[in-house]
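Bear in mind that the values in this text are calculations on the coordinates, not laboratory data. Just so it is clear, the structure is predicted and the values come from calculations on it, not from any experiment. No Cβ is skipped: glycine too gets one built from the backbone with ideal geometry, and neighbour counts run over all protein chains shown.
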Amino acid sequence: MNAGQWRGMGACRGLAMAVLPLLGTAAFAIAFNAAERFERFAAAHEAWQLDELAFAAACSGLISLVLLVWSNYRLCRQLQLRQRAENEAQALALRDPLTSLPNRRAMAAAIDAARRDSPGASFSVLMIDLDRFKPINDTYGHEGGDAALRIVAARLEELAAGRGLAARMGGDEFACLIRHPEGSGAPHDMAQAILQAFAKPLQLTGGLAEVSASVGIVTASEDCESTDDMLRAADFAMYRAKKAGRSNCAIFVPEMADEMRRRAALELDIRAGLHRGEFTPFFQPIVALATGEVVGFEALARWRHPHNGMVGPDVFIPIAEDAGIIQELGFAMLRRACCEARGWPPHLTLSINISPLQLNDPWLAQRILQVLCATGFPAGRLVVEITESRLVSDIAAARAVMLSLKSAGVQIALDDFGTGYASLKHLRELAFNRIKIDRSFTENVRAPESAQIIRAILSLSEGLGLPVTAEGLESAESAEMLAGLGCDYGQGYLFSPPVDSARALEIARGVRYAAPRTTERRRPASAPAAKQPRYGT
């Protein structure tokens with residue numbers, strides 16, 4: 001029995017307590033002929049005026065009874081209104097106000113209910129995340145984004161009708177619970193239907209918009225001991241699908257359980273490591289190919305794990321991004337790198353990479369400038385590197401960050417150039433200070449296709465007046481060829497691996513690397529290759 005029913009019964013008891021005494025008194029009077037006896041008694045004591053007093057008492061009692069009944073009626077009415085309001089509030093608490101779909105809480109309750117069913121019943125949870133939803137908000141505004149979410153929700157609800165429950169988990173993430181026979185292929189079929197439905201263009205007020213989705217599937221099993229386990233497993237499978245590319249689905253298998261637990265433990269370890277100060281910047285020198293002189297360093301994050309030793313960024317950066325702590329990690333590295341770089345000669349620059357997710361922060365530029373002010377590192381010596389793929393996917397966010405930083409004197413580099421298909425319009429409008437060629441080209445610089453792309457990049461950069469840095473140099477032959485083609489700077493293991501702050505300071509204070517013998521700009525490809533020089537400190 002819920003609270004509303006209990007309160008309703010209490011109101012009925014109150015009404016009964018008001019009426020039953022009256023009925024009991026009437027029955028007593030009839031049984032003992034009370035009216036006639038009172039009449040004889042009043043006649044015998046006329047001086048007492050008992051008949052008038054009895055009439056007044058009866059009228060007062062009747063009025064009191066009417067007021068009591070009216071008060072009880074109003075109380076019952078208020079209880080009904082309160083019960084209705086509580087039911088509506090409970091319904092709203094289980095509904096997403098934008099799409100009217102059930103929310104995360106309702107989905108969790110539905111999974112709990114499904115888990116309580118008979119052992120023979122089988123069900124699956126599908127976690128759905130929209131790909132490239134942010135550009136819709138940027139292009140059509142938040143009203144357009146809300147309209148897109150409503151359209152997607154309606155499509156998902158239509159697909160789930162008769163099969164299970166569709167819910168919005170928050171943001172651009174949805175979920176679907178379906179019941180099916182054990183061993184059925186219904187979950188995969190449902191995932192494919194969702195991918196096809198979401199891939200259809202969305203008709204918005206400003207025009208057509210396109211999205212895709214990534215779907216993670218988990219089926220109830222002994223590996224998922226609770227509702228939270230199922231939701232985490234579905235999330236993990238969804239991230240697997242997202243990494244495989246857009247418009248994909250992935251099924252959670254038992255082998256993923258250990259990986260998921262290790263990933264969760266690693267996330268906790270990363271958070272603890274941040275507070276313990278275990279993350280530190282390492283520095284890789286950037287060298288002028290014409291002279292062998294060090295012109296700056298790129299700061300690269302490393303994790304000095306107390307048990308696992310030095311951990312590379314390929315392990316912890318993706319987890320930090322998924323866990324939403326990349327901002328904290330990025331600024332921790334920036335602060336430490338700026339403090340270390342203050343002791344370098346004043347002509348050396350410090351380059352830092354901006355994570356794609358950091359560009360989602362509208363206050364990113366202001367936060368970077370605050371770090372520069374706090375550490376006393378000159379803004380003119382800082383180079384912020386933005387990857388080309390991120391530039392193309394969100395040009396508006398990149399432009400806002402770049403304009404704020406450039407107005408303060410910070411230099412901007414277009415990183416991994418040649419991999420993200422940036423247009424010449426972007427290069428002209430955003431006015432980069434330098435370009436970095438992706439290592440995928442420099443590693444195969446002798447290949448005709450890579451050589452042609454590098455020549456085109458160098459020719460373009462010369463026309464725009466932008467210096468070019470080649471990443472990933474590992475052989476003297478590659479450095480000579482790039483120097484001959486006119487590349488300005490080089491970076492890679494040929495000169496030095498990333499080193500700690502103490503070694504970086506030694507390099508900054510006087511190390512000069514051997515320059516390639518060939519320094520002719522735009523050297524023809526048919527010219528004989530120069531003899532490989534020795535590079536060292």
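Just want the answer: with Cβ charges of +1 for Lys and Arg and -1 for Asp and Glu, which residue in Ile270, Ala299, Ile319 is farthest toward the dipole's positive end in the stretch 225-325?
Ala299
When the chain is fully extended, how far beyond the present Cα-Cα distance does Arg503 get from Ala374, taking 0.36 nm per residue of separation?
Working it through step by step, the gained length comes to 44.0 nm.
From the phi angles alone, apply the Karplus equation (6.51, -1.76, 1.60; θ = phi - 60°) to the stretch 357-374 and give each ³J(HN,Hα) in whole Hz, x where the residue is Gly or Pro.
6, 5, 5, 6, 7, x, 9, 4, 4, 5, 5, 4, 5, 4, 5, 4, 5, 5
If you filter the stretch 106-160 for trypsin sites (Lys or Arg not before Pro), then keep DSSP loop positions with at most 13 other Cβ within 10 Å, what is left?
In loop regions of the stretch 106-160 (DSSP not H, G, I, E or B), the sparsely surrounded trypsin sites (Lys or Arg not before Pro) are Arg116.
Magnitude of the Cβ-charge dipole of the stretch 425-516, K/R +1 and D/E -1, about the Cα centre, nearest 20 debye?
Dipole magnitude for the stretch 425-516 comes out near 260 debye.
Nearest 0.05, what FRET efficiency do Arg105 and Gln80 give at R0 = 35 Å with Cβ-Cβ as r?
Computed FRET efficiency for Arg105 and Gln80: 0.85.
For Arg179 and Thr205, FRET efficiency with R0 = 41 Å and r from the beta-carbon atoms, rounded to 0.05?
So, using R0 = 41 Å, E works out to roughly 0.65.
With a point put 7 Å past each Cα toward its Cβ, work out how far Gln192 is from Val69 in nm, to one decimal.
Reported label-point gap for Gln192 and Val69 is 7.0 nm.
Would you mind computing, in nm to one decimal, how far apart the modelled labels at Arg163 and Leu274 are, each placed 7 Å from Cα along Cα→Cβ?
Each label point lies 7 Å from its Cα, and together they span 3.8 nm.
How big is the dipole moment of the stretch 255-351 about its Cα centre under a simple scheme where the beta carbon of each Lys and Arg is +1, that of each Asp and Glu is -1, and everything else is neutral? Debye, nearest 20, please.
400 debye
For the stretch 448-500, what is the charge dipole size about the Cα centre, in debye to the nearest 20, if Lys and Arg each add +1 at the Cβ and Asp and Glu each add -1 at the Cβ?
160 debye
So, R0 is 41 Å and r is the distance between the beta-carbons of Ala447 and Glu321; what FRET efficiency does that work out to, to 0.05?
0.80
Once a ≥ b ≥ c are taken as the square roots of the eigenvalues of the Cα gyration tensor of the stretch 200-281, is the result rounded (a/c under 1.5), prolate (a/b larger than b/c) or oblate (a/b not larger than b/c)?
Oblate, since a/c reaches 1.5 and b/c is not below a/b.
With a Cα-only, solvent-free Debye model of the stretch 86-239, what are the log10 I(q)/I(0) values at q = 0.11, 0.13, 0.18 Å⁻¹?
For the stretch 86-239 at q = 0.11, 0.13, 0.18 Å⁻¹, log10 I(q)/I(0) is -0.43, -0.59, -1.06.
Any idea what % of Cα-Cα pairs in the stretch 110-162 are farther than 14 Å?
Everything past 14 Å amounts to 67 percent.
In what sequence, highest mean first, do 260-272, 433-445 appear when ranked by Cβ atoms within 10 angstrom?
Result, highest mean Cβ count within 10 Å first: 433-445, 260-272.
For the cross-link pairs Lys406/Lys436; Lys243/Lys406; Lys200/Lys242; Lys200/Lys243, which exceed 24 Å when the distance is taken from alpha carbon to alpha carbon?
Flagged as over cut-off: Lys243/Lys406.
Stokes-Einstein diffusion coefficient for the stretch 182-229 at 4 °C in a medium of 1.567 mPa s, Rh from the Kirkwood formula over Cα pairs: what value in µm²/s?
It diffuses with D of about 97 µm²/s by this estimate.
Can you run phi through the Karplus equation (6.51, -1.76, 1.60; θ = phi - 60°) for the stretch 318-325 and list ³J(HN,Hα) in whole Hz, with x for Gly and Pro?
x, 5, 4, 5, 5, 7, x, 10
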